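Participant: Below are the structure tokens for one structure; questions will follow.
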């Protein structure tokens, strides 16, 4: 029996200690999921939607409790935690309202008397989720997946075990049957073994490229479907006609929200030279104004990173880039798990802050000559999660959509997830889609039904 402690990254206090599940514990939870599988799948969709409405109501009732838990476990600023829980409730509302239509039989006209596509649940789905958005990452998987009639096992990041268990209790309190959604306190070895079990029908992971390759490899070897949402190195393109007064707050938030710990954060700022000086001046001034401090305080925008080792890794990426010629305009100071908001200029394509994912409050600024060079620089990445472009020339922006090889392209706004829109990436950012119609259909059997009377 292995015990581990959750450490508050802001003050170093022990939040709580937990005991890891043995593989026998995990198998027992899988057995419970399989026991409820048929009855849950046969429940009317409208009844499953009613339970999802209950989840949304409880989320809003408990938002301060859940936000505080996130702050203690991974350092998220409390006010941003409140917003995260409200977004979770929004996703639940969306699927509760639309699931019946999204899952409806799709009638196909053939020479049969009747033919259609039926959307049947697959069974028990394994989810491996990260710490940076401890509730949102889980709810955006669970809301559509459970409502489609599947059951779920969650392997959450170890440092947010309290959040993981709170989500399990949330579904129970909302009226979901025991075994429908369960949390596992497991390590990677147990998870790889679990994926091979016939009881698991598919797996999804949000996390690092390394973890994604491991899960995808195990799932593929066992002929299980997988959906991966991995890292990102999103570009924020600023054309020479961008309205800096109107959009600067959005650009800064795109990099610095959640203390920069977001896969879809703007990490590379690719700025046309005609507007570069004005951009850098305004961007720097805005970043300097961000309040750092105790993440429980309402006014705090920049908290601590989730663990000290993550701050150390970020510092190494910055320092290695500086050695290659990057200039520090602001920041690059670390104190434990705190890493100050940092701006780097003179960034080139061979530097870690350009070619790697920087998971923290670091903005890499790249000056380019013109729009054509901006597009080429944007595509120069192993990742393909999303890009954003700021310009007044909407027609020109529309004409380059196919030149941006990412899963999302936002014009005059930051890349963000929305229950109404599909979310996912290309290249090293993974495959498959979450949210919207595409998300709820990822883990269903699209069954052809053909009837001759």
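Participant: Based on other C-beta atoms within 10 Å, arrange 139, 45 from fewest to most. Intermediate results must be reported in sequence, preceding the final value.
Facilitator: Numbers: 139 26, 45 16.
Ordered from fewest to most neighbouring Cβ atoms within 10 Å, 139, 45 come out as 45, 139.
Participant: For segment 19-65, take the convex hull of the Cα atoms, compute a quarter of its surface area, and give me that in nm², please. All intermediate terms of the calculation are to be shown ahead of the outcome.
Facilitator: Working: hull surface 19.9 nm².
Spelled out: convex hull of the Cα atoms, projected over all directions, averaged, 5.0 nm².
Participant: If neighbour count is taken as other Cβ atoms inside 10 Å, put 378, 300 in order from fewest to most.
Facilitator: 300, 378
Participant: I'd like the projected area of segment 73-188, averaged over all directions, using the convex hull of its alpha carbons. Report it in nm² with one decimal.
Facilitator: Numbers: hull surface 36.0 nm².
For the Cα atoms of segment 73-188, the hull's average projected area reads 9.0 nm².
Participant: Give me the angle, in degrees from 0 to 90, between the Cα long axis of helix 63-74 and the longest principal axis of the Cα atoms of the chain, rounded to the nearest 10.
Facilitator: Once rounded, the angle reads 60 degrees.
Participant: Counting only Cα, what are the radius of gyration and maximum Cα-Cα distance Dmax of the chain, in Å?
Facilitator: 22.6, 75
Participant: At a 10 Å Cβ-Cβ cut-off, how would you order 197, 249, fewest neighbours first?
Facilitator: Working: 197 15, 249 11.
In increasing order of surrounding Cβ atoms, one gets 249, 197.
Participant: Please work out the C-alpha center-to-center distance from segment 230-299 to segment 391-433 and express it in whole Å.
Facilitator: 17 Å
Participant: Here's another thing I want to ask about it. Once every DSSP H run of n ≥ 4 in the chain is given -39500 (n - 2.57) and the sum is divided by its residues, what mean residue ellipticity at 222 nm do you get, rounded to the nearest 500 deg cm²/dmol? It would help to have the intermediate numbers written out before the result.
Facilitator: Details: 15 runs with 189 residues, N = 453.
The helix-only estimate for the chain comes to -13000 deg cm²/dmol at 222 nm.
Participant: Now for a different question. For segment 234-418, what value does the Rg/Rh ratio take when both radii are computed over Cα atoms and Rh is the Kirkwood radius, given to two decimals? Can you show the working numbers first?
Facilitator: Working: Rg = 15.5 Å, Rh = 16.3 Å.
My calculation of the ratio gives 0.95.
Participant: Additional query: Between the helical axis of 273-288 and the dominant principal axis of the chain, each derived from Cα atoms, what acute angle in degrees is found, rounded to the nearest 10?
Facilitator: Approximately 70 degrees, to the nearest ten.
Participant: Here is a follow-up. For segment 234-418, give the share of DSSP beta bridges that are antiparallel, in percent and rounded to the nearest 5; count only bridges with both residues there.
Facilitator: On the way: 5 of 26 bridges.
If I count the DSSP bridges inside segment 234-418, around 20 percent turn out antiparallel.
Participant: Kindly work out what percent of the DSSP beta bridges joining two residues of the chain are antiparallel, to the nearest 5. Display every interim value, and only then the final one.
Facilitator: Numbers: 25 of 65 bridges.
The antiparallel fraction comes to roughly 40 percent.
Taken together, the values in this text are just the output of simple stated rules run on the coordinates, not laboratory data. Please read these numbers as outputs of a predicted model, since none were measured by experiment. Don't worry about glycine lacking a Cβ; one is built from the backbone with ideal geometry, like all the others, and counts go over all protein chains shown.
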